[in-house]
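Notes to accompany the following structure.
Each value in this text was obtained by applying a stated rule to the coordinates, not by laboratory testing. Keep in mind the model is a prediction, meaning the values are calculated, not measured. Virtual Cβ from ideal backbone geometry, glycine too; neighbours counted across all protein chains shown.
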Amino acid sequence: MPKNLFFINMNTAYGNHGDLLINKSLLDLLSERGNICLNTNNIPMAFLNGLQLNESKVSKTTSLFRDLPKEWMQNLFRSKADKINLSIVTIPGHFFGSELDKALKVFISGLVLHLFKLLGIKILKFGGCVGPFSKSVAMAEKFRAKAFDYYSVRDTISIKYFEKYGFTPEYFPDLAFLTSFQNLNSIPQPTKYFVLSFRHSTNAMMHNANYLDKLYQKLDSIVHDTAKLTDATVVISYQVLNDRATCIKLKDRYESKGLEVTFIDKLLELQEAYDLYASAEIVLSNRLHVLLLALQGDTLPAAIINKSEHHKITGIYSDENLQDLILDIHNSESVEEFTKNLFENKQTHLNNIQTIKNSTYNTGQEKINDILPGN
């Protein structure tokens with residue numbers, strides 16, 4: 001069997017445990033199929049610990065530009081049987097932007113990747129999503145994407161968006177679908193509860209002053225109806241440091257309305273988040289990887305979002321037939337009917353979730369096995 005060595009530069013949002021989730025999943029998948037050289041320069045220790053690296057499979061470096069050419073040179077003198085398949089794997093995530101300097105950086109990055117491709121090094125990208133971006137950024141990313149042996153995104157919206165610029169990426173499921181957890185009850189929980197976890201807007205670049213007002217108009221009714229239907233208390237938590245302020249507002253809001261609220265004022269570790277969501281009646285959020293981690297724990301993941309703008313969630317929910325679990329904060333849809341459907345058809349939704357989990361996991365495994373034969 002061929003030997004694989006994957007080079008990864010992990011520059012991501014270290015305060016976002018959704019990014020921790022998908023990057024950990026990527027490393028776990030690759031370590032089953034070869035060894036990894038990970039650039040740990042500037043990665044905070046807490047994030048590095050959260051990756052739970054397999055030390056027998058992952059070596060750490062502070063410079064891929066030093067170690068990759070060195071490995072390539074050594075490969076020239078190896079026998080055919082001993083040669084190693086060298087690959088650069090870019091990390092998953094959301095690619096967007098409109099700045100001219102970003103287009104220039106992407107273009108330069110593309111030049112470097114095309115050079116490595118000429119040297120016989122594979123370039124791979126699993127999952128993630130794209131858009132919106134300006135034409136200059138799109139053209140730069142299209143140029144860079146053509147260096148890839150495998151360039152994939154996680155939803156149809158991203159595929160169609162990039163096709164407008166003359167490039168069609170492959171499909172690969174969100175890496176959260178390829179993770180595996182067991183409920184270890186690692187965090188104290190009320191006996192019966194449901195979870196709220198929200199950000200202040202659709203994304204960090206869109207600070208709409210009316211967003212939370214629109215959210216409250218829908219969320220207030222859902223929280224009230226859910227508490228009444230389930231006889232459960234409210235738990236508020238956050239998986240991203242930047243969400244803390246919004247979650248404090250939610251805590252104050254629902255305490256003032258007389259509800260019993262537990263606020264977990266800490267950045268949840270992945271295992272803690274999974275355990276919390278897996279034992280909940282339902283999880284309400286506008287964070288994709290809060291919802292997908294809840295789904296992994298066989299809990300209803302209800303997305304309360306601006307549907308026309310929140311493509312990261314609507315893309316995956318549409319592809320996986322989860323539209324009934326989305327409530328659009330800008331739509332006149334009845335909140336009462338939405339909540340009623342959630343709980344009256346709960347088992348149907350959960351059966352659908354189990355089917356989705358199995359299907360996406362198998363799809364991801366089949367695709368990566370086609371691309372990367374194991375060691």
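Data overview
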item	result
GluC sites (Glu not before Pro) restricted to region 102-178 and DSSP loop, no more than 11 other C-beta within 10 Å	none
Cβ-based net charge around residue 305, under 11 Å, with every Lys or Arg adding one and every Asp or Glu removing one	+4
Pairwise centroid distance, computed over Cα atoms, of region 163-178 with region 66-128, Å	18 Å
Rounded if a/c under 1.5, otherwise prolate or oblate - region 193-355, Cα gyration tensor axes	rounded
Cα gyration tensor, region 131-174 - rounded (a/c under 1.5), prolate or oblate	oblate
Cut-off 18 Å (backbone N to label point 7 Å along Cα→Cβ of residue 98), residues of region 128-147	130-141
Contour excess over end-to-end distance, with Cα ends at residue 331 and residue 186 and 0.36 nm allotted per residue	48.4 nm
Among (1) 4, 18, 23, 19, 15, 12, 7, 2, 0; (2) 5, 23, 32, 24, 12, 4, 1, 0; (3) 5, 22, 34, 28, 10, 1, 0, the entry that matches P(r) over Cα pairs in 10 Å bins from 0, in percent as calculated here	(2)
Listed residues 285, 237, 136, most fluctuating in the chain (Gaussian network, C-alpha, under 10 Å)	136
Rg/Rg_globular for region 17-169, with Rg_globular taken as 2.2 N^0.38 Å and Rg from C-alpha atoms	1.11
Relative packing of 13-22, 69-78, which averages over residues the other C-beta atoms within 10 Å, highest first	13-22, 69-78
Residues of region 312-353 with amide N under 19 Å of a point placed 7 Å along Cα→Cβ from residue 164	312-316, 318-319
Distribution of pairwise C-alpha distances over region 322-375, 10 Å bins, in %	20, 32, 23, 16, 8, 1
